[in-house]
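Shown next, in structure tokens, is the structure this report addresses.
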Amino acid sequence: MAAPLISPSILSADFARLGEEVQAIDGAGADWIHVDVMDGHFVPNLTIGPAVVKALRPHSTKPFDVHLMIAPVDPYLEAFAAAGADIITVHPEAGPHIHRTVQAIHALGKKAGIALNPATPAKMLDYLIEEIDLVLIMSVNPGFGGQSFIASQLRKIEAVRKMIDKTGRAIHLEVDGGIDAATGRLCTNAGADVLVAGTASFKGGSACYAANIAALKGAD
Ligand code: DX5
Ligand code: ZN
């Protein structure tokens, strides 16, 4: 099996030195940069907006994997696209017409992802899977880094892998929350090809980032 792509969540980086942190994690082997956007309403935490994404853009050439945990989401898609997002992932609960939201992301020239909360069934994808570029399985309830992996999501990863393979399209299957080398391996065995990791990517400071990412890729 190919090594998974690693998308470090900058939620666990030093926010006072965010540009340097993005450069360091990029240089340490990150494949994508995961940006967690929270509004204090859809999820009980507040993080960053498009101005910060724009400021970070010159610090990395890697794809910006922007995870929007905001509602409503539609009014902000254009701003995140203009700020430099490459992949824009949204939750179906964040707007009344998720299919239209996916169309809007594509109209902006960006890749579209759908995020499934731990209690949201894989079935939610039935009439979306043909349209999207990525499925994000949340293995914690969204809102905070450093939470414990919810093992029931492995069954969902397996189910979504089957759905993706049936389409014959190259749709990424990404997992987010409580990922370390051990839980990451469970996810890749279940069919994931992209792992988001905040705590496990940024632990120990910049001298450890390359080893952290190598461990997540299973190359330790
Ligand atoms: C949670 C976020 C995650 C989080 C992951 O709402 O979507 O991306 O930062 O953090 P860890 O890897 O520490 O669980
Ligand atoms: Zn995330």
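The values are calculated or read from the model by the stated rules, or taken from the named source; none is laboratory data. Quantities reported herein were computed from a predicted structural model and do not represent experimental measurements. Using ideal geometry, Cβ is built from the backbone for each residue, glycine included, and neighbour counts are taken over all protein chains shown. Surface accessibility is based on the protein's heavy atoms, side chains included, excluding ligands, DNA and RNA. Shrake-Rupley method; radii C 1.70, N 1.55, O 1.52, S 1.80 Å.
For 62, 111, the ranking by accessible surface with the largest value first comes to 111, 62, using a 1.4 Å probe. Which whole-number percent gives the relative contact order of the chain, counting Cα pairs below 8 Å spaced six or more residues apart? That works out to 22 percent. Rolling a 1.4 Å probe over the protein heavy atoms gives the chain an accessible area of 43 Å² per residue. If you take the alpha carbon atoms of the chain and fit the smallest convex hull around them, that volume is 110 Å³ per residue. When each of the peptides 130-137, 53-60, 31-38, 143-150 is scored by the mean number of other C-beta atoms lying within 10 Å of its residues, the order from highest to lowest reads 31-38, 130-137, 53-60, 143-150. When nucleic acids and ligands are ignored and a 1.4 Å probe is applied, residue 46 ends up with an accessible area of around 130 Å².
Residue 41 contributes about 130 Å² of solvent-accessible surface, heavy atoms of the protein only, 1.4 Å probe.
Residue 100 exposes around 140 Å² of accessible area when a 1.4 Å probe is run over every protein chain in place. Counting lysine pairs in the chain whose alpha carbons fall under 27 angstrom apart, excluding pairs fewer than 8 residues apart on the same chain, gives 26. Carbon-plus-sulfur accessible fraction, the chain (probe radius 1.4 Å, protein heavy atoms only): 56%. Take each peptide in 19-28, 80-89, count the other Cβ atoms within 10 Å of every residue, and average; sorted highest first, the result is 80-89, 19-28.
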